[in-house]
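Taken together, the values in this text are just the output of simple stated rules run on the coordinates, not laboratory data. The model shown is predicted, which means the values in this text are computed figures rather than measured ones. All Cβ positions, glycine included, derive from the backbone under ideal geometry; neighbour counts span all protein chains shown.
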Amino acid sequence: MRIYGCEILPNSNILITIYSEDKVIIEYSDDGRHIRDITVSDKPYDLAVIDTNLIAVSYDDFMEIMSITDNNVHSKVTFDSPCWGISYQNRNNYIRAPRRTKENLE
């Protein structure tokens, strides 16, 4: 199992990206109880919390904004190189990719 990313939700639950064929983000409570597996489009590298219902997830060559309440993808951006990391601040998504450094999806 490869853990690549971790974020804390506003409700104090923890989301962990697992880079595996399972294609899930795992949610745990703040005391370590498994809450659920959130199915995603591909093997996730990293994630960023946008608000109580939205997260940004980076994959090999794309990223998505998705709802964690219904798993709907709201937005998708593809890249011509790997997207290794992501963060969110001041209404901007920042990604780490060899040929691209920032993408504003709002």
### Task
Using Cα pairs closer than 8 Å and at least 6 residues apart in sequence, work out the relative contact order for region 3-103, in percent.
17 percent
### Task
Give the order of Val24, Val57, Val40, Val73 when sorted by the count of other beta carbons within 10 angstrom, beginning with the fewest.
Val73, Val24, Val40, Val57
### Sequence of Asp60, Asp46 once ranked by neighbouring C-beta atoms within 10 Å, starting from the fewest
Asp60, Asp46
### Query
Arranged by the count of other C-beta atoms within 10 angstrom, fewest first, what order do Phe62, Phe79 take?
Phe62, Phe79
